[in-house]
Amino acid sequence: MIRLVDRRAAIGWAALRSQVPENLDRAWLALTADPRCRDEPARQHPLRYDLARVKVGAGDLEQWQYEVTGGGRIWYAIDDEHWTVWITQAGTGHPKQTDKRRR
């Protein structure tokens, strides 16, 4: 199951859906089939450093990124206990948090 963490994630998801619906369909299929797939590491991979984990509800979850377009990204957290992929951030622009190397 895929769920959105908050309104900001929902707005970003809607922007991706309106601008690049085919790419978002591919992302949806990838995230629902295997959110930890490493077949295309440039497109889908775990985030690193202080972005590697994120708090969602009471859980401390691993956070991954899916590159939807050259700049558009989906960040998501994998909740194995509840079989849920939480969209933590989505948008058509490159996330500023990854502009500098994180430690």
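The values are calculated or read from the model by the stated rules, or taken from the named source; none is laboratory data. Because the structure is predicted, anything quoted here is derived from the model rather than measured. Quick reminder, even Gly has a Cβ in these numbers, built from the backbone with ideal geometry, and neighbours come from all protein chains shown. Ligands, DNA and RNA are stripped out before the accessible areas are found, and what is left, the full protein with its side chains, is counted by its heavy atoms. Shrake-Rupley method; radii C 1.70, N 1.55, O 1.52, S 1.80 Å.
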Pull out all pairs, ordered by first then second residue, where Cβ-Cβ is under 9 Å, the residues are six or more apart or on different chains, the first lies in the stretch 5-25 and is free of Cβ contacts under 8 Å to residues at least 24 places away in the same chain, and the second is open to solvent by less than 40 Å² (accessible area, probe 1.4 Å) and assigned to a helix (DSSP H, G or I). ARG17/LEU24
Of all residues in the stretch 18-36, which are surrounded by 11 or more Cβ atoms within 10 Å (Cβ to Cβ) and in a helix (DSSP H, G or I)? GLN19, ASN23, LEU24, ASP25, ARG26, ALA27, TRP28, ALA30, LEU31, THR32
Can you say whether ALA15 is surrounded by fewer than 15 Cβ atoms within 10 Å (Cβ to Cβ), aliphatic (A, V, I, L, M) and over 12 Å from the mean Cα position of the chain (by Cα), as far as the supplied structure shows? no
Residue under question is GLY57, and the condition is that it be at positive phi and not polar (S, T, N, Q); does it hold? yes
